[in-house]
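As structure tokens, the structure follows; a few thoughts come after it.
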Amino acid sequence: MPIPVNHTKPVRTTAKLHAFNQLQQWIIDGTLQPDEKLNDIELAQALGVSRTPIRESLQLLESQGFVTMQPGRATQVTPVEKEDINNLLPPLAVLQALAAELATRHMDEEVLSLLEEKNRQFSDALQEKEFTTALRVDEEFHQLIVDTANNPYIHSMVEMLQAHVRRLFYYEKIVLREYSVIQHEKLISAFRDKNTQELAEVMRANWIYTIEEF
């Protein structure tokens, strides 16, 4: 089980949170491969923590569907199922649409300017065919809206679903399209007009069209 030794070690975070974030990232980007067996001793040594936060992190990752744990046998990374996109994007689309509706209460010009800047960065990344960067910036665009909605339950559920979507994008090489740039522009316009119906419709469409493209 090869483990990177030059990863960033963030400060001011609990050992459990640090371990969880790093393990999840390694699963998403393929550092830890699907079906790979995980050794908690090796992981603890690599991350510079005790085995307890590793075990706690693995339990949380199991609850989120990233690993499977068989007591007394093995802990393994779950496989990547291409068909999961049909299960992930519809609920994510609904949650993002709800977040957009709630965000209208707190939306201001500062956030709108940030959304416009993120959309410009997104468009530039697509034109340069920097698809990994485009995916990251697209997530940042939508996260601004989720954060503005200020609902911790939506935030938590979106975060978990988005992590699975990100993993699919890494493995299946899903390519975002210029059409998303236009949809982002419509979202920003709808925020300015406080048109919650259009916001919900465009947001759902922004996520669901990926299934059709896929």
> If you scan region 65-120, which residues turn out to be farther than 30 Å from Glu198 by Cα, free of Cβ contacts under 8 Å to residues at least 24 places away in the same chain and not polar (S, T, N, Q)?
Replying inline: Met69, Pro71, Gly72, Arg73, Glu81
> List pairs: first in region 127-140 and without any contact (Cβ under 8 Å) to a residue 40 or more places away in the chain, second assigned to a helix (DSSP H, G or I) and of a type in the set (A, V, I, L, M, F, W, C), Cβ under 7 Å, 6+ apart or cross-chain?
Replying inline: Thr133/Ala125; Val137/Phe122; Val137/Ala125
>> Residues that are open to solvent by less than 50 Å² (accessible area, probe 1.4 Å) and either under 16 Å from the mean Cα position of the chain (by Cα) or farther than 24 Å from Lys129 by Cβ (or both): does region 193-201 have at least one?
In response: yes
> Residues of region 86-134 being in a helix (DSSP H, G or I) and either touching a strand residue (DSSP E or B) at 6+ places or on another chain (Cβ under 9 Å) or of a type in the set (S, T, N, Q) (or both), which ones?
Replying inline: Asn86, Asn87, Gln96, Ser113, Asn119, Gln121, Ser123, Gln127, Thr132, Thr133
>> Exactly one of these conditions fails for Tyr171: (1) assigned to a helix (DSSP H, G or I); (2) touching a helix residue (DSSP H, G or I) at 6+ places or on another chain (Cβ under 7 Å); (3) in contact (Cβ under 8 Å) with a residue 40 or more places away in the chain. Give me its number.
In response: (2)
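The values are calculated or read from the model by the stated rules, or taken from the named source; none is laboratory data. Everything numeric in this text was worked out from a predicted model, so none of it was measured. Because the Cβ atoms are built from the backbone with ideal geometry, glycine has one as well, and the counts that use them run over all protein chains shown. Surface areas here come from the heavy atoms of the whole protein model, side chains and all, with no ligands, DNA or RNA. Shrake-Rupley method; radii C 1.70, N 1.55, O 1.52, S 1.80 Å.
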